[in-house]
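Read the structure below first, then the notes.
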Amino acid sequence: MTTPALSVVIPMYNEQEVLPLLIGRLRPLLDGAGLDYEVVAVDDGSADATAPMLLLACREWAQLRVVRLRRNSGHQAALTAGLHRARGEYVASIDADLQDPPEKILEMLALARAESLDIVYGVRDDRTTDTAFKRHTAQVYYRLMRRLVGKKVPHNAGDFRLLSRAAVEALRAMPERQPVYRLLVPWLGFPSGEVAYRREARAAGRTKYPLSKMVRLAVDSVTDFSAAPLRLATWSGLASFLLCFVLGCYSLARFVVGATVSGWTSLFTAILFLGGVQLLCLGLLGEYLGRVFVEVKGRPTYIVGYDSAETAEQAAVGVR
Ligand code: UDP
Ligand code: MG
């Protein structure tokens with residue numbers, strides 16, 4: 001098996017509407033680039049016609065490789081499957097919905113080769129096509145991430161990027177089960193560059209990232225990289241202790257003076273406040289405990305149903 005110069009990893013979940021557009025745009029581009037490439041389409045357990053459409057396309061596009069996951073495992077898990085299986089010297093990852101222009105992949109490759117970079121981020125300099133809600137939540141998210149992981153996290157860089165073989169191997173060596181690549185990649189600290197692009201509207205179909213998945217990604221991102229939220233318990237404990245101390249002195253003074261009834265409001269507020277803080281801290285503990293639980297179980301993040309490249313190889317050597 002020869003090593004292609006470029007692998008393009010594309011996670012897909014129920015993308016039947018956009019698939020023909022994607023193939024129509026990607027294939028001429030890569031064919032015309034004059035390099036040896038493979039496209040690794042990771043079908044994340046789609047329930048629509050994505051899988052048969054991919055297999056059909058595979059027949060007449062030799063460089064297309066289909067990796068089907070048995071169940072819907074999520075965008076990051078699909079990306080993991082693709083990165084683990086890609087064989088190229090450079091590996092690009094891109095969404096299926098053509099929001100990120102595939103033409104930029106070649107620009108990234110040229111930049112990486114010219115400046116010997118291991119990572120090239122696609123950075124969105126214009127997100128006017130995203131909804132205002134998406135833009136604002138993204139801004140909060142990236143600001144928080146820069147604070148947690150450090151300045152190395154490029155602003156507005158999602159999962160559209162190019163990685164060298166060395167960077168991919170470093171990622172593969174990570175034992176994490178729920179990697180958040182947009183944080184893990186900058187954390188590697190490899191030499192990196194950026195290519196700016198305009199974020200287009202989705203070419204077809206609907207977003208596969210409802211609010212619940214966005215919240216999940218944000219919680220994973222925070223708990224993946226920082227134990228700081230756990231300290232919230234310590235700090236709020238300390239604050240309420242100080243407050244209680246002051247209030248204790250006050251109530252003692254009132255007792256001495258002999259004016260001790262009334263105070264229902266303060267009691268009620270204190271109980272509510274302390275109860276709230278305690279529940280919040282319990283929840284935080286639970287988040288981390290949950291992560292430990294998942295890591296300890298060691299269950300695979302994804303299960304591959306088939307890989308068209310492997311079945312082709314097995315057929316070639318006569319394995320059934
Ligand atoms: N995706 C996936 N599994 C999922 C959800 C999404 O593989 O469970 C893929 C999806 O097909 C797309 C990419 O992840 O290629 C990004 O999803 P989408 O474009 O819907 O997200 P948005 O751009 O709206 O944030
Ligand atoms: Mg999208």
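Worth a mention:
- Under the span-like rule (Cα at least 18 Å along the axis, Kyte-Doolittle mean at least 0.5), DSSP H helices of the chain: 211-225, 228-257, 264-297
- Rounded Å value of the spacing that divides the Cα centres of segment 133-209 and segment 230-265: 46
- Value at 222 nm in deg cm²/dmol, rounded to 500, when DSSP H runs of n ≥ 4 in the chain each add -39,500 (n - 2.57): -17500 deg cm²/dmol
- For the chain, a crude dipole built from +1 on the beta carbon of Lys and Arg and -1 on the beta carbon of Asp and Glu, taken about the Cα centre, is about 1020 debye to the nearest 20.
- Charge dipole of segment 219-311 about the Cα centre (unit charges at C-beta), most positive-ward option of Trp264, Ile303, Val219: Trp264
- Cα-based reach from Lys152 at 29 Å (exclusive), listing lysines while leaving out same-chain residues under 8 positions away: Lys104, Lys134, Lys208, Lys213
- Restricting the trypsin sites (Lys or Arg not before Pro) of segment 41-89 to loop positions (DSSP other than H, G, I, E, B) with no more than 13 neighbouring Cβ atoms within 10 Å leaves Arg70, Arg71.
- The trypsin sites (Lys or Arg not before Pro) of segment 188-255 that DSSP puts in a loop, and whose beta carbon has at most 16 other beta carbons within 10 Å, are Arg206.
Taken together, the values in this text are just the output of simple stated rules run on the coordinates, not laboratory data. In this text the structure is predicted, and so the values were computed from the model without any measurement. With ideal geometry, Cβ positions are generated from the backbone for all residues, glycine too; neighbour counts draw on all protein chains shown.
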